[in-house]
1. Output the number of residues of region 175-192 satisfying the condition of being within 16 Å of the ligand (Cβ to nearest atom) and free of Cβ contacts under 8 Å to residues at least 60 places away in the same chain.
2. So Ile233 fits all but one of (1) in contact (Cβ under 8 Å) with a residue 60 or more places away in the chain; (2) closer than 18 Å to Ile308 by Cβ; what number is the exception?
3. Give the residue, chosen from Ser176, Ser156, that is more than 17 Å from Asn283 (Cα to Cα) and under 19 Å from the mean Cα position of the chain (by Cα).
4. For residues in region 127-174 being touching an Asp or Glu at 6+ places or on another chain (Cβ under 7 Å) and of a type in the set (Phe, Trp, Tyr), which is farthest from the ligand (Cβ to nearest atom)?
Amino acid sequence: MSDKPIKGMREVDRRRKRVNRLKKTILFTVFFWMLFSLTAIIFLIFKCHALDNKLDKFNDFFLSASDNINTNNDEKRKEPNPDETGDEENDDSSSALNEEDGDSDISEDDIDENVKRVYLTFDDGPSANTDRILEILKEYNVKATFFVVGKTDEHSKEMYQKIVDEGHTLALHSYSHRYSDIYRSLDAYQEDINKLKDLLDDVVGYSSNIIRFPGGSSNQVSNIDMKEFIKMINDEGYVYFDWNVASGDATNDVITKEDIYNNVIDGCKNFKSSVVLMHDANNKSTTVEALPDIIEKLLEEEYMILPITEDTKPVQHISVEKVLENQ
Ligand code: ZN
């Protein structure tokens, strides 16, 4: 007689246990999936970041190669042409200004148009090599142009100031120098340049309107047509400079000082006005080693080595005039 309620209670107990097991299984599965998803998300974030860095490195490498190709093509295409490279204004001064004069307040219009000019430019600094580069330039009393990136450590700030104090041109390159960021949109590019401008304003009290696009105006990295960036910075009063002579030091592989020397000296022979691309970076020590020989040879061949100023006629892979013409 008393069997039925006991059986019933056992049945209820078994059900309760089954429901509890089911609950535990569901909870465990949900917890496991949450944990798995979280781990996967964290892993993917890291992976994205690593790939982004790799992409930037690849872009750097690719651009170095294309910079060299661009430059070589330019050299083949363009015969030295005084009209193209000389100042439009022709003045009567019959002799070149003495190199030893090197003061930055001398207008380029005062220089004889027949004088061959070389503008040495150093991208991507400041670096651990900036001091040595400045020493060499000082030794030969030569002024150059530094297209700098944004760095806020004390040494870099000191270098920005030293570049200015020693009469060189402190020009703008990019704050972050990350192609994937700056060429994402016109706003992103502008934001990057403004950040660099503000930094230089803070450190040295002014910032230049002379600019160089990372990868040059002919870079193939930007998804947006570079002409849009050109129009924008032109509207804002910037003047951009590319280069017509590449030292070849942009490559990720180590290039010998002899090759850098030959690239620069052979390259400058093709132009009446040469803008030489070099790099001021920690791993570019052969550039520093080649520099004294390059300067000596250029001076011996009676080139005038000058810093880029607002008077300098720009060398541009995509010329601003053509971009504005086709608007
Ligand atoms: Zn650069």
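Each value in this text was obtained by applying a stated rule to the coordinates, not by laboratory testing. Nothing here was measured: the structure is a model prediction, and the numbers come from that model. As a convention, Cβ positions derive from the backbone with ideal geometry for all residues, glycine included, and neighbour counts pool all protein chains shown.
1. 8
2. The one condition Ile233 does not meet is (1).
3. On the way: Ser156 fails: more than 17 Å from Asn283 (Cα to Cα).
Only one candidate qualifies: Ser176.
4. Out of the qualifying residues, it is Phe146.
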